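A.B. asks: Mind looking over this structure? Questions follow.
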C-alpha cells in the first residue's frame, strides 16, 4: 500500500467527512446448517455464526484502516443493524457438496480487501479461489499483502443446506 | 423468548452501543402491478405500496423490541433512505400467476423475525410458506410465537408483472 | 412534479425526521474491465470508476432534492461506507458484448429517479432501455422530466469481463 492510495494525484474534490457510518470492529464468521426451507437453512447458519438475531446490511467489500479484529461476534441487542460482507450458498440437491468462503487481505494496519466466493465445490477449492482473488486485488492496486485471513464453510446437503462465510462489522 | 436470548452465557465482549441506526416504527406493505419493463413493474408496485419515492436499503430480517407498528407508510421526503425487508418477484410470462409474501412472527414486545418468499404460485401458497418459515425460525430459537402478521400480493402477469410484500422500517 | 408529490392528501402520519442518513452529493460513473475472475473484473471496473476502495451499500433508486452533482468521485478514506445505485454485468463468454447503464431523470431541483439496466447487448441498446424506463417512471408519477443524465459502459468479453454504470451518493 505504501502510500500510493493516499497520495491522491488526481485533482478531485476532497472532503474530510466522507462517511455516515464508522466501522470500528470486525470478526470473521463461518457456519453451515440444514433447514426446513433454503431460507431457514440460511437463517440457521446465521444463528450458528452468531449473527442470526441481527438486521444485516450487505457491504462491498473493503476493510478500513485500524479495524480491531474480534475472535467472535459480540453480543448485541436483538435487531441491531449490522454491516456484513457475506458469501453464502443454499441448495436442495441431496448429497451435493456446497462451500462458501471469504478472503481478507490486509496491509499492516492500513486496511485491506475482502473477496467472496461460493459454489458447488469443497471448502479447499473455495479457499483457493478467494486466495487468488485477494492476490489479484492487491496486485491491481499495487498493495503489499501482509496478512491473509480466510473463513470457509463446507456442507453436504441433506434436504435444504446452507454454507456461509463472512466478515461482520461493528461500530 | 423468555429471557434465553438475553442471558448471554457465551463469554463474548458486550457493547452498549452496538448499532449505527435505530429502527423505531414499521409497517407491512403489499402490492402488485404491471409495467413497461420488469423494473418499471417493480417501481409501480413500490408506488402502490407507498414506498416508490424512497431510497430503499435491504435488511435481513429481524424485528427489534418495542417497534411501533403503523397501519400504512407515513409520508416522507422524496429520496429518504429507508430500510426494508422486501420480497418481490417480476415475470414476463403472460398468464402466469406470481406471488410474494412476508411473514412476521412476534413475541409480545420483545421482537421477532421476518421471513420472505416469492414464487410462481398463488397467494395462499406464499402465505403458507412464510408461516412455516416463521414457525421454524421460532422453534430453532426456542422462542414463543405470540403474534403472526402476514402481507401477501398475488398477480396474474399480462406483459410485465410484479408482486411484492415487505416490512418497511422508519426512524 | 409540480407539487403533486408534496401535497399529501392521504391521511397518513407525517414525521419531520424521516431518515437516518442525508444524501448531499452525487456523481455518475461508468467503467468496464477484465479480471482473473468475474468478481475481480467487477472490482477492477469499480477501481476504474473511482469507487473501488469504498464499502458500497446498494440503494434503490430515487434522487433527493437539491443534490449537488459532481463531475467525478471525490477522494475518500479507504473503506468509507458509500451508497450507490449500481448496474453491472459480468460474463466469461469470450467475444460476447455486455453493457450496463443507469438513467437519471431529474425535475429541476426537486429530485428524480434512477433506473438501471444491464444485459448482453451494445451500449446503445442499454441507453435506450434506461431512457424508456425513466420516461415511464415519470409518466406514472405525473412528473415533468427536465433533465436526463445517462451513464453507460460497453465491454467485449475476453476472459472475464465486467461493464458497470452507477450513481454514487456522498454526504
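A.B. asks: Can you compute the helix-only [θ] at 222 nm over chain B? Use -39500 (n - 2.57) per DSSP H run of at least 4 residues, normalise by all residues, nearest 500 deg cm²/dmol.
C.D. replies: Result for chain B: -5500 deg cm²/dmol, rounded to the nearest 500.
A.B. asks: Starting from the Kirkwood Rh over alpha-carbon pairs, what translational D in µm² s⁻¹ does region B:32-98 have by Stokes-Einstein at 4 °C and 1.567 mPa s?
C.D. replies: D = 95 µm²/s.
A.B. asks: Here is a follow-up. Kindly express, to the nearest 10 degrees and within the range 0 to 90, the angle between helix A:38-49's C-alpha long axis and the longest C-alpha principal axis of chain A.
C.D. replies: Around 60 degrees separate the two axes.
A.B. asks: Shortest first and in nm with one decimal, please list how far the residue A:139 label point sits from its counterparts in the other copies (point 7 Å along Cα→Cβ).
C.D. replies: Sorted ascending, the copy-to-copy spacings read 5.0, 5.0 nm.
A.B. asks: For region A:117-157, count all C-alpha to C-alpha pairs, find those more than 14 Å apart, and express that count as a whole percent of the total.
C.D. replies: Looking at region A:117-157, the distances longer than 14 Å represent 50 percent of pairs.
A.B. asks: While we're looking at this one, here's another question. Using alpha carbon coordinates only, what is the Rg to Rh ratio of region B:89-171, with Rh defined as the Kirkwood radius?
C.D. replies: In region B:89-171, Rg relative to Rh is 1.07.
A.B. asks: Put one equal scatterer on each alpha carbon of the protein assembly as shown, apply the Debye formula with no solvent term, and list log10 I(q)/I(0) at q = 0.07, 0.13 1/Å to two decimals.
C.D. replies: Summing over Cα pairs of the protein assembly as shown leads to -0.37, -1.49.
A.B. asks: Could you work out which residue, out of B:149, B:22, B:96, moves most in a Gaussian network model of chain B, that is, has the largest mean-square fluctuation with Cα springs under 10 Å?
C.D. replies: B:22
A.B. asks: Right, another one. Select from C:147, C:116, C:34 the residue whose mean-square fluctuation is largest in a Gaussian network model of chain C (Cα-Cα springs shorter than 10 Å).
C.D. replies: Its mean-square fluctuation being the largest, the pick is C:147.
A.B. asks: Moving on to the next point. What does the average come to when, for each residue of peptide C:33-43, you count the partner chain Cβ atoms lying within 10 Å of its Cβ?
C.D. replies: Other-chain Cβ atoms within 10 Å of each residue's Cβ, averaged: 5.
A.B. asks: Going by how many other beta carbons lie within 10 Å of each one, how would you line up A:108, C:132, fewest first?
C.D. replies: Final ranking by Cβ density, sparse to dense: A:108, C:132.
A.B. asks: Place the label 7 angstrom along Cα→C-beta at residue A:120 and in each other copy, then list the distances from the first to the rest in nm, shortest first.
C.D. replies: Here residue A:120 shows inter-copy label distances of 2.0, 2.0 nm.
A.B. asks: Calculate how steeply helix C:123-141 sits against the longest principal axis of the alpha-carbon atoms of chain C, using the helix alpha-carbon long axis, and give the answer as 0 to 90 degrees to the nearest 10.
C.D. replies: Taking Cα atoms only, the helix is inclined about 20 degrees.
A.B. asks: Any idea what the relative contact order of region B:74-135 is, in percent, if you count C-alpha pairs under 8 Å spaced at least 6 apart?
C.D. replies: 31 percent
A.B. asks: Can you list the distances in nanometres, one decimal and ascending, from the residue C:96 label point to the identical position in each other copy, with the point 7 Å along Cα to Cβ?
C.D. replies: Distances between equivalent label points, in nm: 1.9, 1.9.
A.B. asks: A follow-up question, please. Would you work out if region A:22-68 is rounded, prolate or oblate? Take a ≥ b ≥ c from the square roots of the eigenvalues of the alpha-carbon gyration tensor; rounded if a/c is under 1.5, else prolate when a/b is larger than b/c, oblate otherwise.
C.D. replies: prolate
A.B. asks: Moving on to the next point. Debye sum, Cα scatterers, chain B, no solvent: what log₁₀ I/I(0) at q = 0.09, 0.13, 0.17 1/Å?
C.D. replies: -0.33, -0.66, -1.02
A.B. asks: Please label the shape of region A:67-130 as rounded, prolate or oblate, based on the square roots a ≥ b ≥ c of the eigenvalues of the alpha-carbon gyration tensor (a/c under 1.5 means rounded; beyond that, a/b larger than b/c means prolate, else oblate).
C.D. replies: oblate
A.B. asks: Name the nearest-to-axis residue of chain A, judged by Cβ distance to the rotation axis taking chain A onto chain B, and quote that distance in whole Å.
C.D. replies: Looking at chain A's Cβ atoms against the axis toward B, the nearest is A:57, 4.
A.B. asks: With springs connecting C-alpha atoms under 10 Å apart, model chain A as a Gaussian network and identify which of A:114, A:82, A:98 has the largest mean-square fluctuation.
C.D. replies: Residue with maximal mean-square fluctuation among A:114, A:82, A:98: A:82.
The numbers here are math on the coordinates, done by the rules we state, and not lab data. All of these numbers come straight from a predicted model, not from anything done at the bench. Positions of Cβ are backbone-derived with ideal geometry, glycine not excepted, and every protein chain shown enters the neighbour counts.
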